[in-house]
Amino acid sequence: MSDPSRPIILWFREDLRLADNPALHAAALTKQPLLCIFVFDDESPGLRAPGGAARWWLHGALAALKAGLRKLGGDLHIFRGAAAPVIGRLVGESGANAVYWNRRYDEAGRAIDADIKSALKARGIAAESFNGALLHEPWHVAGKTGKPFQVFTPYWRAACAKGEPAAPLTVPRTLTFHPLPKSAASVALAALQLEPHKPDWAGGLREAWAPGEAGAVEALDLFLKKGLPGYAANRDRPDMASTSRLSPFLHVGNISPRQIWHAAQTAAMTGASKASAADRDKFFSELGWREFSYHLLFYHPDLATKNVQSRFDALPWRHDRKALRAWQRGLTGYPIVDAGMRELWATGWMHNRVRMIAASFLVKHLLIDWRAGERWFWDTLVDADAASNAASWQWVAGSGADAAPYFRIFNPLLQSETFDPDGIYIRRWIPELAKLPAPLIHKPWAATQDLIAAGVRLGETYPHPIVEHDAARQRALAAFDRLI
Ligand code: FAD
C-alpha cells in the first residue's frame, strides 16, 4: 500500500542507472520518497568477490550514479556488509514500508534475495523485484517440452518468437527523496577502496573508459554511427573499431539491453545508421548470446567451476605455472595471443575474436584447465560477468552446453592472418614487433633477415613460441580423444 509519509528503499545492485530502471520506475509511481542505497556485500557466504578491474569499474559507476541522483535532489547511500542485516536495520531506522530492487541471477545472490524477501514480508514490509538486466527472464524462454535449452540457435529462435522486448522506460519526471536516518551507518564510496593504489595499475583503464550512464550512452551513439553499419562483416576484426564495447556498461547495468535493442532497431529502421538488417540481426544475436549465458547460469548455477558435461572431469589437465604465467603476461611467442592478453592487461577488455583465440590457446595448446583462464579473466576484465565469462570459457573448452567440438582446435596463425591481416592489432599491442612486415608479424619464428631489420631478437626482445603448434595440437587431441 502506498503511504506517502513513509519511504521506499530502492536497492541498487547491477542496475547502476536511472533510465530504463524498472525498480526505480515502479517506486516512483507510488509517489513515496525514495531512499536509494547500494550495499557492498563482502560478507554474505557464496557471493563471488568482483575482480580488480571490475572493482575499478564499480567505483566509477557508483560515483556517476551518486552524482546523477544528487542532481535530482537525492543521493546514493553506500553501505558495507552482509545485505540482509544492513537492509533489515535500515527498514527499522527509516520507517520504510517497502524495498524495491532489480533481480540478479547468480545462485548465492538469488538465495540472499529470497531470504531478504521473506524476512521483510514477515515484518509486513513489501518487497518487490523486477527484471532490469535481461531481455527475457531465463525461465521465460523454454522449449516445447518446457525444458531449458542447451543449444543457442533454438534458444534464440524461441526468445525472438516472444516478440520485441518492451520499450525502455524513461527517467521518472518527478522523484522525491527521503533523508538518510542519522543512525544509519553508511560509508563513503572511497572507504570501499575499490580503486587500486600502491600500485595504481588503472591508468590504462582510465584512458580507455568512462564508467557510468553517460559513458554508456556515448558508447552506444558512437557504435550506432560507426560500428553497426558493417557489423555483420567486421565484428570479428580486432584491428577495426567494429564492436560496441558496451559489455562493461551492461555488466553493472549502466545501460540495459532493452535500451540497446531499441536504439539499434530505430537506427536501422529510420536509416539514422547506415546499418543493414543483417547488421542489426547479427548484433541482436550477440545480445542473444548474453541472454543465453544467463539462461545457462540459471540452470547450471556452478557454471564457473563445474564442467556442464561431466565427462570432461576426467581430462588430464597440465599443471604448468610457467606456461600459465607466460599466457597471462602475453609472452607465449604467438603474437595474436600475446596482443590480446596485453590488451586485456592494459585496458581491462579484449576483442571477442581474440578472447576466443587466447582462451583456446590456453585450453588446447597449453592443456591448462579452463578454470585457471576463467579466474584470470575474472580478475582482469572490466566486463567480468558470472554468466558470460563462465559460459564462454566452457564453450571454448568444449565442456559447455552448446560448445565448440573438442577436436576443432583454433590455429592461432591462421586466425591471426584472417582477422588481423595487416597486423595492425598486433602492432598496437606488441610494439617490439611493430617493424615486422605483415605476413611475418603473425609468425616471427619464420622470419630471418627481416627480424634483424625489424630489430627483433627472438628469445630476447620477444619470446620463441612456448609450444609448437602441430605438437600441441596432437597432444590436445590425444587428451580430449580419451574422453569419448
Ligand atoms: P558487441 O559485439 O558489441 O556485442 C554486444 C553485446 O553482446 C556485448 O556487449 C555483450 O554483452 C554481448 N555479447 C557479445 N558477444 C557475446 C558472447 N560471445 N557471449 C556473451 N555475450 C556476448 N562477455 C562479457 O560480457 N563478460 C565476460 O566476462 C566475458 N568473458 C568472455 C570470455 C571468453 C573466453 C570469451 C570467448 C568471451 C567472453 N565474453 C564475455 C563475450 C564477449 O567476448 C564480450 O561480450 C564482447 O567481446 C564484448 O564486446 P562488445 O561489447 O564490443 O561486443
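Annotations
- Any chance M356 is under 28 Å from I424 (Cβ atoms) and part of a helix (DSSP H, G or I): yes
- None of W289, W327, W345 is at pLDDT 95 or above, in contact with a helix residue (DSSP H, G or I) (Cβ under 9 Å, 6 or more places away or on another chain), open to solvent by 40 Å² or more (accessible area, probe 1.4 Å) and within 14 Å of the ligand (Cβ to nearest atom) except W289.
- Output for the range 99-121, where each listed residue is part of a loop (DSSP other than H, G, I, E, B) and either of a type outside the set (D, E, K, R) or open to solvent by less than 50 Å² (accessible area, probe 1.4 Å) (or both): R104, Y105, D106
Every residue, every condition in (1) of a type in the set (F, W, Y); (2) within 30 Å of E107 (Cβ to Cβ); (3) touching a strand residue (DSSP E or B) at 6+ places or on another chain (Cβ under 6 Å); (4) free of Cβ contacts under 8 Å to residues at least 40 places away in the same chain, yes or no:
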residue	(1), (2), (3), (4)
G400	no, yes, no, no
L413	no, no, no, no
E432	no, no, yes, yes
L436	no, no, no, yes
L440	no, no, no, yes
A446	no, no, no, yes
R457	no, no, no, yes
A471	no, no, no, yes
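- Residue list for the range 372-387, filter: among the charged types (D, E, K, R) and near the ligand (Cβ under 8 Å from one of its atoms): E374, D383, D385
- Hey, L362 more than 29 Å from R110 (Cβ to Cβ), within 16 Å of the chain's Cα centre (by Cα), modelled with pLDDT of 95 or more and within 11 Å of the ligand (Cβ to nearest atom) or not: no
- Matching residues in the range 390-412 - criterion: being open to solvent by 10 Å² or more (accessible area, probe 1.4 Å) and closer than 26 Å to S244 by Cα: A391, S392, W395, V396, D402, A403, A404, F410
- Looking only at the range 172-222, residues that are assigned to a helix (DSSP H, G or I), farther than 30 Å from T266 by Cβ, open to solvent by 70 Å² or more (accessible area, probe 1.4 Å) and of a type in the set (A, V, I, L, M) come to 1 in all.
- Matching residues, the range 434-453, being surrounded by 19 or more Cβ atoms within 10 Å (Cβ to Cβ) and small (G, A, S): A447
- Between A387, A346, the distinction of being touching a residue at least 40 places away in the same chain (Cβ under 8 Å), in contact with a Leu (Cβ under 7 Å, 6 or more places away or on another chain) and assigned to a helix (DSSP H, G or I) belongs to A387 only.
The values are calculated or read from the model by the stated rules, or taken from the named source; none is laboratory data. Only a predicted model underlies this, so the values are computations on that prediction, with no experimental measurement involved. Ideal geometry is used to build each Cβ from the backbone, glycine not excepted, and the neighbour counts take in all protein chains shown. Heads up: the accessible areas ignore ligands, DNA and RNA and are worked out on the full protein's heavy atoms, side chains in. Shrake-Rupley method; radii C 1.70, N 1.55, O 1.52, S 1.80 Å.
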